[in-house]
Amino acid sequence: MVQLEFYDPSGAIEITQPHAPRLDGIAGKKIGFVTNEQWQAFRTLPLIKELFEKDFPDVEILPIDAYPQGNALIGEEETARLVKQSGVDAVIIGNAA
């Protein structure tokens, strides 16, 4: 007898680590970007940064290259350390990162 197992293609079967809680708002926050540099990130992330700064004049958006970029680096402990050290309130993980 053959046994077939199917997995939900929409994500993990079991949640082992929840995402961080959502911010109550953007105004006055410090925000960083983490990117794997894929999917036209060089176009979209600067635009997102510009729109945030326009809509929220008191928001502090770090430069897009403030943290290591690329698939080989964004998952490293050093990147997590740099994010924590920078004191951001939130991180936008962009473009298929």
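The values are calculated or read from the model by the stated rules, or taken from the named source; none is laboratory data. Since the structure is predicted, the reported quantities are computational estimates derived from the model, not experimental observations. Here Cβ is always computed from backbone atoms with ideal geometry, including for glycine, and neighbour counts include all displayed protein chains.
The residue that is farthest from ALA72 (Cα to Cα), counting only those in the stretch 19-56 that are at pLDDT below 80 and buried (at least 18 other Cβ atoms within 10 Å of the Cβ), is ALA41. Restricting attention to the stretch 70-94, the residues that are part of a loop (DSSP other than H, G, I, E, B) and touching a helix residue (DSSP H, G or I) at 6+ places or on another chain (Cβ under 8 Å) add up to 1. When the stretch 15-60 is filtered for residues that are of a type in the set (A, V, I, L, M) and under 13 Å from the mean Cα position of the chain (by Cα), the ones remaining, listed by number, are ALA20, ILE31, VAL34, ALA41, LEU45, ILE48. Only residues that are at positive phi and surrounded by fewer than 13 Cβ atoms within 10 Å (Cβ to Cβ): list them for the stretch 71-97, please. Listed by number, the residues that qualify are GLY87, ALA96.
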